[in-house]
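Undergrad: Handing you this structure, nothing more for now.
The values are calculated or read from the model by the stated rules, or taken from the named source; none is laboratory data. Since we're looking at a predicted model, the values are computed, not measured. Every residue, glycine among them, receives a Cβ derived from its backbone with ideal geometry; neighbour counts consider all protein chains shown.
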Amino acid sequence: MEKWIKIGEALKQARESKQMSINELAQQTGIPEWKIRLIEEGQFDRVDAPFYVKYYIKICAEFLGLNPAELLGQFEPKPVETQRKARKVTINGGLISLLLLVIFVASAIFFTYSAFKFFTVLRAPKIQLVNRSDKPVYFNERPLAPGESVTLQVGQRYRVSGNVGVCSVLSTGKEWKVRVENFEVVVWEK
């Protein structure tokens, strides 16, 4: 890349202005000659990992009297690339915000639906026992006339005796017909 060539040329010019050979610079810095030659040619990718190349540039620049921060500043990515990375982070942050919004709306809908169902059950008609026969039956020892109904409470146990016809247990939209003479009814919550 062109910026690498500029860095390499700056190091080469500084070395030549001190009338120093690559071999002498290698002995003074401890960096192999072939690496210094490749750095001066701008072939950083053939030298080593970027971390080490930066270190070699810093050592050579300090030894040759150059400002390593200026040279290394050319080696770093340009602000435009940094802005692209920042933009990606912002986009990801936007996706997270959108996901949280969707979760919040779904939770609000679920809560509203649950509350609606809860209050619908509370307003539901009570469960009733209806004497459908033409003779009285005994509901907890008390006579229940033909056609008469009694509201049943949840969790209670009721005894019905003397049924010779049909008794019905009515709940929300359902009817259970009972044709047994003596039976018990227990109402449970759903």
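Undergrad: Select from region 1-46 the residues that are part of a loop (DSSP other than H, G, I, E, B) and of a type in the set (D, E, K, R) and write down the one among them that is surrounded by the most Cβ atoms within 10 Å (Cβ to Cβ). Give the steps one after another, and end with the answer.
TA: If we filter region 1-46 for residues that are part of a loop (DSSP other than H, G, I, E, B), which is where we start, we get 1, 18-21, 30-32, 41-43.
Retained after the next criterion (residues that are of a type in the set (D, E, K, R)): 18, 41.
Details: K18: 12, E41: 15.
Among those residues, the one meeting the criterion is E41.
Undergrad: Moving on to the next point. Would you pick out the residues in region 11-24 that are closer than 21 Å to P50 by Cβ and either more than 52 Å from the chain's Cα centre (by Cα) or modelled with pLDDT of 90 or more (or both)? Before you say what the answer is, go through the steps one by one.
TA: Going residue by residue through region 11-24, those that are closer than 21 Å to P50 by Cβ are 11-12.
Listed by number, the list holds a single entry, K12.
Undergrad: Would you please list the contacts, defined by Cβ atoms under 8 Å and residues six or more apart or on different chains, that run from a residue in region 167-190 that is among the polar types (S, T, N, Q) to a residue that is in a loop (DSSP other than H, G, I, E, B)?
TA: S168/R132; S171/P125; T172/A124; T172/P125; N182/G162; N182/N163
Undergrad: Restricting to region 133-176, what's the tally of residues that are closer than 30 Å to F118 by Cβ and exposed (fewer than 13 other Cβ atoms within 10 Å of the Cβ)?
TA: Total meeting the criteria: 11.
Undergrad: Being modelled with pLDDT of 85 or more and charged (D, E, K, R), is that true of even one residue in region 64-74?
TA: No, because not a single residue in region 64-74 is modelled with pLDDT of 85 or more and charged (D, E, K, R).
Undergrad: Continuing with this model, one more query. Quick test of your reading of the structure: A108 fulfils all but one of (1) touching a strand residue (DSSP E or B) at 6+ places or on another chain (Cβ under 9 Å); (2) modelled with pLDDT of 85 or more. Name the failing condition by number.
TA: All conditions are met except number (1).
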